[in-house]
Amino acid sequence: MKKILLIEDDYALRSIVKDLLEANNYKIFTASDGIEGIQLAKEILPDLIICDVMMPKLNGFEVINNLRKDSILSFIPFIFLTAKTELNDFREGMELGADDYITKPFRASGLLKVVEIRLAKYEALKQKNKILFEEETEIKKESLTENDRLFINVKNKPQIIKVGDIVFIKADGEYSNIHLNNGLKILKRKSLKEWEQQLPCNIFLRIHRSTIINVNYLDKIEKWHNRTYIIFLKHTAEKFIISQRYSSKIRSNLMI
């Protein structure tokens with residue numbers, strides 16, 4: 001069942017829209033102002049947001065501007081529900097990333113049609129970008145490609161990362177530190193063995209019991225001693241020693 005967040009300060013209209021959507025098999029969450037709406041959006045991660053423009057505390061333009069800065073919520077289709085039909089308002093909303101407008105008064109069939117279209121487009125977008133919603137206790141897909149995207153909870157804040165943006169992963173007890181090409185580091189409760197089973201093996205190589213690297217970021221390799229090597233990666237000053245346990249496998253994969 002698709003989740004829709006309705007942000008509307010008018011109680012009567014909020015109730016009417018809620019009842020209409022629930023009657024058409026949507027799960028509806030409601031907020032009476034922009035601040036409550038933003039907080040609820042982050043908690044439930046809806047499939048669609050319908051939002052009034054003129055509201056107390058935060059107006060609809062401020063709501064969408066806030067949500068579009070969030071790496072997860074920026075994907076969610078956003079529909080304005082408003083009586084304001086001036087051209088400048090439409091332009092401002094579209095420039096902020098709105099997907100559609102429903103003007104008051106509206107027909108029930110018209111609202112349902114817009115909702116149906118926007119949800120279908122959102123589903124197509126998710127399929128196109130292969131966004132994988134990976135729960136903490138469940139792996140939805142056993143093998144990934146570098147173009148796949150992972151949905152990861154970081155300190156209760158959802159993040160989407162592209163597999164190909166991972167430069168290296170280092171073990172940290174029961175956790176692993178994911179180092180990205182933009183300098184960010186994400187700590188996740190997941191073993192390197194689990195990462196090895198899921199990441200594309202032609203790109204990600206285990207070079208040490210505590211380290212997996214992305215060979216696409218390989219900068220240079222230098223000989224060390226006892227037939228082992230030191231690896232330098234782009235986007236990081238850290239040096240990586242290939243342990244003897246993995247040296248023969250690495251030499252074969254990297255043709256050194």
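Derivation of every value follows stated rules applied to the coordinates shown; laboratory data play no part. Note that this is a predicted model, so its numbers are computed, not measured. Every residue, glycine as well, gets a Cβ built from its backbone with ideal geometry; the counts of neighbours run over all protein chains shown.
In the neighborhood of residue 15, defined by Cβ-to-Cβ distances under 13 Å, what is the net charge if each Lys or Arg adds +1 and each Asp or Glu adds -1? Spell out each step's value before the answer.
Details: positive: 14, 18; negative: 8, 9, 10, 19, 22.
Its environment carries a net charge of -3.
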Between residue 245 and residue 210, 0.36 nm times their residue separation minus their Cα-Cα distance comes to what?
11.4 nm
Tell me the label-point distance for the pair residue 124, residue 175, using the 7 Å Cα-to-Cβ offset, in nm and rounded to one decimal.
4.1
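Checking the table 69/121; 162/223; 69/170; 185/234; 42/121 against a 27 Å threshold on Cα-Cα, which pairs fail?
162/223; 69/170
Starting from the Cα-Cα distance between residue 104 and residue 13, subtract it from 0.36 nm times their residue separation and give me the gain in nm to one decimal.
Working: separation 91, 0.36 × 91 = 32.76 nm, distance 1.00 nm.
Residue separation times 0.36 nm, minus the Cα-Cα distance, leaves 31.8 nm.
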Go through segment 63-69 residue by residue and turn each phi into a ³J(HN,Hα) via Karplus (6.51, -1.76, 1.60, θ = phi - 60°); whole Hz please, and just put x for glycine and proline.
5, 5, 4, 5, 5, 5, 8
Calculated SAXS-style log₁₀ I(q)/I(0) at q = 0.10, 0.13, 0.14, 0.16 Å⁻¹ - segment 3-129, Debye, Cα scatterers
-0.26, -0.46, -0.54, -0.72
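If packing is taken as the average number of other Cβ atoms within 10 Å across a peptide's residues, how do 45-54, 180-189, 93-102 rank, most packed first?
Working: 45-54: 22.0, 180-189: 13.3, 93-102: 16.8.
Per-residue mean Cβ counts within 10 Å order the peptides as 45-54, 93-102, 180-189.
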Along segment 172-186, what does the Karplus equation 6.51 cos²θ - 1.76 cosθ + 1.60 (θ = phi - 60°) give for ³J(HN,Hα), rounded to whole Hz, x for Gly and Pro?
9, x, 7, 10, 9, 9, 9, 9, 9, 6, 9, x, 6, 10, 10
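Kindly provide the Kirkwood hydrodynamic radius of segment 27-81 in Å, to one decimal, from all pairs of distinct alpha carbon atoms. Don't jump to the answer; show the numbers that get you there.
Working: mean 1/r = 0.0911 Å⁻¹.
Taking every pair of different Cα atoms in segment 27-81, averaging 1/r and inverting gives 11.0 Å.
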Would you pull out the residues with amide H under 5 Å of residue 33's amide H, same chain only if 5 or more places away, H placed 1.01 Å from N?
8
Scan around residue 106 for amide H atoms under 5 Å from its own, H built in the peptide plane at 1.01 Å from N, and keep only partners 5 or more places away or cross-chain.
none
